[in-house]
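Below you'll find the structure, written out as structure tokens, and then a few comments.
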Amino acid sequence: MTMQPNYLIALALGLVALASLLIAGLLIVRISAARRSDRTLMQALDERALQNAVAAAARGTVGAQGKQSASTPARGMKGLLERFAHAGVRWLDTPIGRHIVAEEDRRLLEQCGFVDVRSRGLFLTARIAGAIVLPLLAGTIASGRIDGSRYVMLVIAAVACGIMIPKVVLSRRAAARRRGVVDELPMLVDLLRLLQGVGLSLDQSLQVMVSDFHGILPVLSSELEIAQRQFAAGRTREQSLQRLASSYENEDLRAVVRLLIQVDRHGGAVQEPLKQFGDRLRETRRAMLRERIGRMAVKMTGVMILTLLPALMIVTAGPGVLSVSHALNAMNR
């Protein structure tokens with residue numbers, strides 16, 4: 001009888017643990033289903049935005065290509081890329097696809113301006129193709145010249161390089177676009193203040209910047225074009241601009257996006273806040289330029305020591321050294 005209470009307590013604890021596991025499992029299944037549905041919705045909206053952009057471009061195209069049927073499959077290099085992209089899209093939601101195209105890679109693709117599912121599928125195909133083609137090429141070149149463990153290490157290194165080369169290219173492009181965002185942000189604020197001041201709405205202002213100022217704002221105008229396509233495809237203004245705020249990890253850009261969302265929701269005059277914000281951005285940029293100039297002066301000091309100092313020593317001390325050497329030669333004679 002002394003063991004019965006302990007047995008009951010252990011059984012109760014086991015039942016509580018089992019119930020907790022069941023509840024946790026149900027929550028995990030519900031969360032994964034919600035994430036899957038959100039991802040499917042986002043992919044559908046991206047595809048719809050891409051189809052709208054393609055249809056708009058097709059309507060503006062005049063010539064023999066406009067007479068072809070829309071159902072005719074693409075040929076040549078474009079058709080090959082489309083097949084590779086569709087093959088990669090089918091692998092994106094698999095465990096292998098999630099490892100090859102991780103969250104960091106998706107963020108890099110967004111920073112490069114590639115937001116649709118087709119671009120992610122093409123990136124996955126490029127990494128797989130690089131991991132296959134580059135080792136075959138390296139093994140073919142090195143066969144007969146390198147054998148044993150060095151040959152195996154060469155093939156492994158070629159596989160790693162083939163996987164990493166597309167990511168390195170994306171990283172360089174993303175870094176260039178991040179620098180472009182920093183350089184273009186003051187001009188964006190000034191143009192937005194000017195367009196809002198003449199009476200245009202927010203949608204009209206964004207459309208004017210997309211269509212007429214692409215040469216001045218190459219990065220931000222393309223990002224605003226993507227946001228406009230997503231807004232036309234059914235997303236809210238906040239959802240379409242939130243990707244722009246979160247992709248580049250720039251606090252000033254986040255502040256501009258928050259201001260645009262507030263204007264879209266509540267309206268109101270924004271000329272004075274935009275003017276103050278633009279002044280602050282210019283002051284920050286001046287401070288950054290002064291810091292760069294200071295670092296450049298320190299670097300140029302080392303360059304001048306290595307290049308100008310030897311020439312200066314030759315010009316100033318050379319005649320004295322020659323006269324002393326001539327005097328010593330005359331004394332020895």
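The values are calculated or read from the model by the stated rules, or taken from the named source; none is laboratory data. Please read these numbers as outputs of a predicted model, since none were measured by experiment. Backbone-built Cβ (ideal geometry, glycine too); neighbour counts: all protein chains shown.
It is to be established whether one or more residues within the range 121-139 are at pLDDT below 85 and surrounded by fewer than 16 Cβ atoms within 10 Å (Cβ to Cβ). For the range 121-139, residues at pLDDT below 85 and surrounded by fewer than 16 Cβ atoms within 10 Å (Cβ to Cβ): present.
Applying the selection to the range 191-207, what residues are buried (at least 16 other Cβ atoms within 10 Å of the Cβ) and over 22 Å from the mean Cα position of the chain (by Cα)?
Within the range 191-207, L191, L192, R193, L195, Q196, L202, S205, Q207 meet the criteria.
If you go through the range 84-140 and pick out every residue that is closer than 23 Å to V219 by Cβ, in a loop (DSSP other than H, G, I, E, B) and of a type in the set (G, A, S), you end up with 1. Of everything in the range 212-240 that's surrounded by fewer than 18 Cβ atoms within 10 Å (Cβ to Cβ) and farther than 26 Å from R282 by Cβ, which residue is modelled with the lowest pLDDT? So the residue we want is G234. Scanning the range 265-275 for residues that are surrounded by 10 or more Cβ atoms within 10 Å (Cβ to Cβ) and in a helix (DSSP H, G or I) yields R265, Q271, P273, L274, K275.
You will find that of R145, R229, R172, R178, the residue that is basic (K, R) and more than 18 Å from L109 (Cβ to Cβ) is R145 and no other.
Looking only at the range 199-250, residues that are in a loop (DSSP other than H, G, I, E, B), more than 15 Å from Q262 (Cβ to Cβ) and polar (S, T, N, Q) come to 1 in all.
Looking at the range 153-162, can you tell me whether even one residue there is small (G, A, S), within 24 Å of E110 (Cα to Cα) and in a helix (DSSP H, G or I)? Yes, that holds for at least one residue. When R285, R254 are screened for being in contact with a helix residue (DSSP H, G or I) (Cβ under 9 Å, 6 or more places away or on another chain), within 30 Å of G197 (Cα to Cα), free of Cβ contacts under 8 Å to residues at least 60 places away in the same chain and basic (K, R), only R254 passes. Looking across the range 173-197, the residues that are within 16 Å of E272 (Cα to Cα) and touching a residue at least 60 places away in the same chain (Cβ under 8 Å) come down to P186, L188, V189, D190, L192, R193, Q196, G197.
Within the range 26-39, the presence of at least one residue that is surrounded by 11 or more Cβ atoms within 10 Å (Cβ to Cβ), at pLDDT 60 or above and not assigned by the TED database to the domain that holds S240 is confirmed.
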